[in-house]
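Scroll down for the structure; my scribbles are underneath it.
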Amino acid sequence: MNKPAIAKTAFSRYDKRQGCYIVQSPLFERCLGVAKSEKEAWKIFHEILGEYYIDYLEGKLIGYEKPGRPAKGYVELHAQVKPKIKEQIAKMAKELGISFGETIEYLCCFVQAAEK
C-alpha cells in the first residue's frame with residue numbers, strides 16, 4: 001500500500017442521509033474526509049491521510065501493525081472477459097499503482113456510491 005495509490009483511488013460521494021460529502025479510498029477505508037462541502041471533505045481527507053500514513057509506516061494503526069495491506073478475507077476470482085476489458089483493467093492498475101483485484105474493488109465502489 002502506498003500513499004499516492006491511496007490518494008489516486010479516493011473518490012467523493014454525497015450521503016443524503018447524513019447530509020454531507022464523504023471522501024474515501026477503498027485501499028485505506030479508515031481514512032475519511034467528511035464535511036458539508038466537497039472541497040472541505042477532500043481537504044480533510046488529505047490531512048488525515050498524511051497523519052494516518054505516518055502512523056501506518058510506524059506500525060501504530062490497529063490492524064496495520066506492519067507495512068502492507070492486511071488480508072480482508074479475499075477469495076479467488078476467475079473470469080472470462082474480452083481482451084479489451086483486460087487491457088483497460090491492466091492499464092488502470094498500472095496508472096494507479098495497484099493490483100487487478102484492487103482495481104476491481106475500486107470500480108465497484110463507484111457503482112455502490114452511485115446507488116446511494
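The numbers here are math on the coordinates, done by the rules we state, and not lab data. Predicted, not measured: the structure shown is a model, and the values here were computed from it. Counting neighbours? That spans all protein chains shown, and the Cβs are built from the backbone with ideal geometry, glycine included.
Here are a few things to note about the model shown:
- Kirkwood's formula applied to the C-alpha pairs of the chain gives a hydrodynamic radius of 15.4 angstrom.
- Links that overshoot a 22 Å alpha carbon limit, given the list Lys3/Lys60; Lys8/Lys43; Lys60/Lys91: Lys60/Lys91
- With the highest mean first, a sort of the peptides 18-27, 95-104 on other beta-carbon atoms found within 10 angstrom per residue produces 18-27, 95-104.
- The chain - mean residue ellipticity at 222 nm from DSSP helices (-39,500 (n - 2.57) per run, n ≥ 4, rounded to 500): -15500 deg cm²/dmol
- Whole-number percent relative contact order across the chain, with pairs defined as alpha carbons under 8 Å at least 6 apart: 20
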